[in-house]
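Report on the following structure.
The values are calculated or read from the model by the stated rules, or taken from the named source; none is laboratory data. Keep in mind it's a predicted model, so treat the numbers as computed, not measured. Every residue, glycine among them, receives a Cβ derived from its backbone with ideal geometry; neighbour counts consider all protein chains shown. For accessibility, only protein heavy atoms count, side chains too; no ligands or nucleic acids. Shrake-Rupley method; radii C 1.70, N 1.55, O 1.52, S 1.80 Å.
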Amino acid sequence: MKRSITVRLTTMFALGALAAFTLIGAALYGVLERELTRHLGEDLSTNLQNMRYSIERFGTLERWSRLQAKMDTLTPADGRIRFWVLSDDPRFTYGKGLDQMEHISQEPDGRGTLVLQPNRQSYRTLATRIAPLEDRPPVRLIVGVDTAPFDHTLRTFLLALTLVGAVAVALVTGLGWWIARIGLRPLRRLSAQARALRPKTLSQRLQVEQLPVELEDLTGAFNGALGRLEEAYRQLEGFNADVAHELRTPLANMIGGTQVALSRQRSAAEFQEVLQSNLEELERLRSIVNDMLFLARADQGEAATGLTAADVAREVEMTIEFFEPLLDETGTRVAIEGELRARATMNVALFRRALSNLLQNAIEHSVAGAHLVVTISQRAGAIWIAVTNPGATIAATHLPRLFDRFYRVDVSRHDAGEVHGHGLGLAIVKAVATMHGGATLATSDAGVTTIAFSIPGA
């Protein structure tokens, strides 16, 4: 079950207040208990010293009787303070409940406790021994103070402290809820702005000016994501239009050719010609679909498999041999330069496909008889394969997007980056590099264009 931030903050306020008041209450209760115990001890000690002074002066039986009367006078009617005198001579004893004295618990310093039956009245006691005098034998004097008033005070204080603490925690909880609601108001406004976003309003951004500092980073990151989403959405719209255009052309050709063929009686040779033309358009459609499926797998993070350590220059030579008919037809020459002994870890088929696209692209955008250069270099553990061709300079603003699908620099360049007639060649080059963990690069200056990709070194 998900909880709101308000509930969580309110709960933390409540728990914090409960912990704070519990600690404060425990400290106050401990202070009160120590003070009451101290006062109780002082009361015991004062009464013990006063009575001891009197007993030490009375040593005859006659005077002992007067001392007993004094102790009766000093004993309150409610029994809050009591005196006991224990002696081997029954004539020199005093106090009620002497038969229960064996139940007294006493510490070495004379302090102890006593519970008198039948009311189970609890007393804190203090005892001392007094030396004999004249007729009086040695006696043991015990003074007791009833602990009921002290216990009642502690219980009353604890109850009051609990009630006050509960009310305080409730107030802090309510205040915490109110503070959380007020504090999260900017976040609710931010959420309302985010909910108002629609595909047609992707250019809108969340307002940062009136937000707290803590939300600025979040809002900035969200606005950045919106910018990237807007760019991706714009590219997707262009991509869909390009796909529709590329598929519409061969379909229109096949439909038009077929309609013309069916408009009147045709010979078998004429129908065969139409079918041959349709087959070429279908091959083009299949090429587009296959390339799109390949790019989709690359976009999903598929990595190159079947990797082997191969001689890069050797693979370049074999790829160039495949283009010999086209090179002879256009009079184009291709040279291999750089680190000819470099070895790389690659999927050979994908490597040749990427290099073929670069060579095809360079040939299409060069004049007849041009001189192309394939350069092999090694940097930071990666092998770079670059194809350089002379031709019209590409503006710097277009270079980062040459590897986008169906991207056109301008009409005058026909279809910049187009390979096999449908504009996916350089996008496939980038996909191959990505599947190998490599990168791509494009530069164009002074009529010389270089497009390169990298793969891991062996």
If residue 358 meets every condition in (1) under 18 Å from residue 390 (Cα atoms); (2) touching a residue at least 40 places away in the same chain (Cβ under 8 Å); (3) in a helix (DSSP H, G or I); (4) open to solvent by 10 Å² or more (accessible area, probe 1.4 Å) apart from one, which number is that one?
(4)
For the range 334-355, give me each residue that is surrounded by 21 or more Cβ atoms within 10 Å (Cβ to Cβ) and assigned to a helix (DSSP H, G or I).
350, 351, 354, 355
Sort out which residues of the range 290-315 are over 41 Å from the mean Cα position of the chain (by Cα) and assigned to a helix (DSSP H, G or I), and write them in order of number.
312, 313, 314, 315
Condition check: of a type outside the set (Asp, Glu) and modelled with pLDDT under 85. Does residue 292 satisfy that?
yes
Among the residues of the range 267-284, which ones are within 15 Å of residue 246 (Cα to Cα) and without any contact (Cβ under 8 Å) to a residue 40 or more places away in the chain?
280, 281, 282, 283
Would you mind finding the one in 37, 73, 93 that is farther than 30 Å from residue 184 by Cα, touching a Ser or Thr at 6+ places or on another chain (Cβ under 6 Å) and open to solvent by 30 Å² or more (accessible area, probe 1.4 Å)?
93
Here are the criteria: (1) modelled with pLDDT of 85 or more; (2) among the polar types (S, T, N, Q); (3) open to solvent by less than 50 Å² (accessible area, probe 1.4 Å). Tell me which single one residue 223 does not satisfy.
(1)
For residues in the range 146-175 being hydroxyl-bearing (Ser, Thr, Tyr) and within 43 Å of the chain's Cα centre (by Cα), which is least open to solvent (accessible area, probe 1.4 Å)?
173
Being modelled with pLDDT of 90 or more, farther than 21 Å from residue 382 by Cβ and either open to solvent by less than 20 Å² (accessible area, probe 1.4 Å) or of a type outside the set (Asp, Glu) (or both) is the filter here; which residues of the range 299-321 pass it?
318, 320
